[in-house]
Amino acid sequence: PPSGTAERGARHRALMAGKSLRRRVEDAVAEAIADHDPNQRLPGRDYEDVLYDVADKVFSTITEENRDALDDEDMAYIARKTRKLVAAALDALDPPAPPPKLRYAMFDRVVCNVGGERRWAPGTVMSVLEDDPDDVTGQAKLPYVVKMDPPNGRLISVPKDVYDVCRSEVCFGQRAGALWFTLFCLPQQPAKKSAARRFSVGDRVACAVEDESNDYSAWAAGTVLAVDHSVAEDAAALVPGREWGGAAGCVPYQVGLDAGGKVLAHRDEHWLVRDLALQPEGPRVDAGGTRCLTRLVRRQSAGGDGWEAVDHHTRKRRACAAPDSEEDDE
């Protein structure tokens, strides 16, 4: 045939192949939109904006690379970009509700239900309200991401902000199963028994304990009954597969509470046990926003005639400038 006819035929085939590829790209984007908008809430205009925005980009990339099919990288981009655009369009329709009020904040100490033989394990809150990777709509949030203590040492997602899934790390003893929680929270590599303790038998202390709701915590007054208190016998009966000899079977303090009962302090830390002369009884963390957790506190002195800085770990205090004073700015 004449060369012109062959060229027109080639152009026609190329055109049809391009149309076919474009259709496959748009079909992939449409399927992704359906995944991220299962209730079909997107108005037609927004639907077309997402469809053509993503399809144009992918089709252009494939054409520039002289390919004739979608690859895994294209599909990953479609899923990622579509999710972002659909979420933004849906947010514009219904402004997102304010984030839920959480019980814990960054760097709070918690105990999480991790299942398995150990079931509960302590850790530190590293992030709050993270996107749930299992939610294709991009709307759901995970309350917390927690870094577990050794030997786990891994990040876990906390799916619900409820007591049966995540609770405060406190001095346990007031609730059923308290010794279980004390043992789960004991460091796997405890300090030597000879390590100096901050308190002695008879000292008056404030202990972190569960509040009445169990959702928050309070500082409760008490007296140190024992230092480096052994729980080895009971621990061996509850968790026979672990070595409880020596320091491994001891907790820093046993404390008798003024309100009745005893609690165990599994760590000699300021966020668990404080000097009662420096930390009065009262809310530690509560629903009203109280957060009495920091090691260093600036407050008015007892006489009200000046300010002092208190270190709850060393139990030392010193005079300091008032907040926002010129001396403080320097």
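Within segment 242-265, being closer than 16 Å to Val170 by Cβ and in contact (Cβ under 8 Å) with a residue 40 or more places away in the chain holds for Val251, Pro252, Tyr253, Val255, Leu257, Gly261, Lys262, Val263, Leu264, Ala265. Only one of the listed residues (Val170, Val162) is among the β-branched types (Val, Ile, Thr), touching a helix residue (DSSP H, G or I) at 6+ places or on another chain (Cβ under 9 Å) and at pLDDT 90 or above. That residue is Val170. Tyr144 meets the stated requirement of being assigned to a strand (DSSP E or B), out of contact with any Pro (no Cβ under 6 Å at 6 or more places or on another chain), surrounded by 12 or more Cβ atoms within 10 Å (Cβ to Cβ) and of a type in the set (Phe, Trp, Tyr). Tallying residues that are modelled with pLDDT of 90 or more and polar (S, T, N, Q) within segment 145-159 yields 1.
Is there a residue in segment 71-94 that is within 23 Å of the chain's Cα centre (by Cα), open to solvent by less than 80 Å² (accessible area, probe 1.4 Å) and modelled with pLDDT of 90 or more? Within segment 71-94, none of the residues are within 23 Å of the chain's Cα centre (by Cα), open to solvent by less than 80 Å² (accessible area, probe 1.4 Å) and modelled with pLDDT of 90 or more.
Here segment 250-306 is the region considered, the condition is being touching a helix residue (DSSP H, G or I) at 6+ places or on another chain (Cβ under 8 Å) and assigned to a strand (DSSP E or B), and the residue that is surrounded by the fewest Cβ atoms within 10 Å (Cβ to Cβ) is Cys250.
Here is a yes/no grid of residues against (1) open to solvent by 30 Å² or more (accessible area, probe 1.4 Å); (2) part of a loop (DSSP other than H, G, I, E, B); (3) more than 19 Å from Asn113 (Cβ to Cβ):
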| position | (1), (2), (3) |
| --- | --- |
| Arg167 | no, no, no |
| Phe199 | no, yes, yes |
| Asn214 | yes, yes, no |
| Trp219 | no, no, yes |
| Val224 | no, no, yes |
| Glu243 | yes, yes, yes |
| Ala248 | no, no, yes |
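The values are calculated or read from the model by the stated rules, or taken from the named source; none is laboratory data. In this text the structure is predicted, and so the values were computed from the model without any measurement. Virtual Cβ from ideal backbone geometry, glycine too; neighbours counted across all protein chains shown. With ligands, DNA and RNA removed, areas are computed over all heavy atoms of the protein, side chains included. Shrake-Rupley method; radii C 1.70, N 1.55, O 1.52, S 1.80 Å.
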